[in-house]
Amino acid sequence: MELQLQITARNITLSQDVEDAIRREASKLEDFYPRIMGCRVLIEPEHRFAAGEVGRYGVRIDVTVPKGELLTTRQSHEGVWTAVQRAFDAAQRQLEDYARVQRGDVGARPSEPRARVRILFPWEGYGFLETTDGREIYFHRNSVLNQGFDRLEIGSEVRFAEEQGEKGPQATTVALVTRTRHPPRQPQAEA
């Protein structure tokens, strides 16, 4: 087992049971990708709350693999252990995807249709896309993924899926295309 585990709790004291459970969950990650080099887990309350009151906890898991790092963050209103479980479930899915790519099991995705935002009515909550072949497609605020409607601008490039609506083509999903890649985060020294 190559896994080096670091558990950090900020503004909270973890019980030994929770720490042991984190160690078990971290060791299970190696079942999905055995070449994990390190795992850092950070747990902290998202805001201060009265003694004895259950608050919102955030969990961040950085998993170091041979060609980079996988970062997972999750929050929960239901207590620290629920936040930990959700974060490890998400880390497991990321590792499974990473392992499939490393094995070459993932084929190329079919090209997704792309368009640009042509007209935008931010106060009304809708707009129109212009496809590469010149068609105009209606979209609504609710069809924009990750609550990204407010980040759209005229000319923004998007991916979309469409269907035929009552008044013509409409986008069922719209996702903003981002071009920038951020380098992996460097570990931060504990205060």
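Converting phi to 3J(HN,Hα) with the Karplus coefficients 6.51, -1.76 and 1.60 and the offset θ = phi - 60°, region 150-163 yields 5, 8, 6, 9, 4, x, 4, 8, 9, 9, 8, 10, 10, 9 Hz in sequence order, with x at every glycine or proline. Projecting the Cα atoms of 77, 45, 59 onto the charge dipole of region 5-103, computed from C-beta unit charges around the Cα centre, puts 59 farthest toward the positive end.
The magnitude of the dipole of region 114-176, with charges of +1 and -1 set on the Cβ of Lys/Arg and Asp/Glu and taken from the Cα centre, is near 120 debye.
Amide hydrogen proximity for residue 56: with H placed 1.01 Å from N in the peptide plane, the residues at 5 or more positions away or on another chain lying under 5 Å are 46, 47. A dipole drawn for region 114-176 from +1 and -1 charges on Cβ atoms has a positive end, and of 119, 145, 134 the residue lying farthest that way is 145. Which FRET efficiency, nearest 0.05, do residue 77 and residue 161 yield, Cβ-Cβ r, R0 35 Å? The calculated FRET efficiency here is 0.65. The phi-based Karplus calculation (6.51 cos²θ - 1.76 cosθ + 1.60; θ = phi - 60°) puts the 3J(HN,Hα) values of region 113-128 at x, 10, 8, 10, 6, 9, 9, 9, 10, x, 6, 8, x, 8, x, 9 Hz, whole numbers, x for Gly and Pro.
Ranked highest first by average number of other Cβ atoms within 10 Å, how do 10-23, 115-128 line up? Could the numbers behind the result be given before it?
On the way: 10-23: 12.8, 115-128: 14.9.
Per-residue mean Cβ counts within 10 Å order the peptides as 115-128, 10-23.
Summing Lys, Arg as +1 and Asp, Glu as -1, what charge do residues with Cβ under 10 Å from the Cβ of residue 78 carry, residue 78 excluded? Within the 10 Å Cβ shell, the charges total +2.
Once fully extended, how much extra length lies between residue 178 and residue 99, figured as 0.36 nm per residue of separation less the alpha-carbon to alpha-carbon distance?
On the way: separation 79, 0.36 × 79 = 28.44 nm, distance 2.40 nm.
In short, 26.0 nm is gained.
Work through the residues other than residue 17 whose Cβ is under 14 Å from its Cβ and net out their charges, Lys, Arg +1 and Asp, Glu -1. Net of charged neighbours comes to -1.
Taking amide H as placed 1.01 Å from N in the peptide plane, residue 38 has its amide H under 5 Å from the amide H of 4, 64, each at least 5 places away in sequence or on another chain.
FYI, it's all coordinate maths here, none of it is from the lab. Computed from a predicted structure; not experimentally measured. Neighbour counts are summed over all protein chains in view; Cβ atoms, including those assigned to glycine, are modelled from backbone coordinates with ideal geometry.
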